[in-house]
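No lab work stands behind these numbers, since they all come straight from the coordinates. Remember, predicted model here, so these are calculated numbers, not experimental data. Every residue, glycine among them, receives a Cβ derived from its backbone with ideal geometry; neighbour counts consider all protein chains shown.
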Amino acid sequence: MSESHSSMGTRAQRIIAAAILSLAGIGVALAHHSFAAQYDSNKPVKLDGVVTNVEWTNPHVYIYVDVPDAKSKKTTNWGVEMGPPHMLQKAGWKRNSLKVGEAVTVDAWLARDGSNTANARRVTRKTTGEVLGAATSNSQTLTSNAPAAGAQPAPAAK
């Protein structure tokens, strides 16, 4: 009986360990959101501004861009999500591809929550016109100089 009891104990421990690992996997999956949950593909936006920060980290690279509003004379800092570093590297990016202070145009989609956050389709350097693919989560990265269909200027700063 002790042998049977011992194997049952081991089996129970394996089941508990598997359950714990499954729950940990759920947490990771939830941390990586879907594009549709956070961004609205029916709300493209064009952000013209200056890079203030680049965060080259997993699971997504973020750039921050100061976007001035001519009407209100205010500047709003936008957080722009791009794809993961490995996808950006496949598209030709390097960690230092964009520099703080560089003027860019970002074609993106607005966040559903109304925040100053967007998901990039492409990033264009204003000085050279070079287009950098953004490895977006929406699988619609633009890498050519063709204009983004329907992109509207950023909403006025609040």
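Observations, loosely collected:
- Extension gain for Ala36 to Asn53 (0.36 nm times residue separation, less C-alpha to C-alpha distance): 3.6 nm.
- Mean sequence separation of contacting Cα pairs (under 8 Å, at least six apart), scaled by the length of segment 53-103, corresponds to a relative contact order of 35 percent.
- Charge sum, other residues only, whose C-beta stays under 13 Å from Pro44's C-beta, Lys/Arg counted +1 and Asp/Glu -1: +2
- Multiplying the residue separation of Asn96 and Lys73 by 0.36 nm and removing their Cα-Cα distance gives an extension gain of 5.2 nm.
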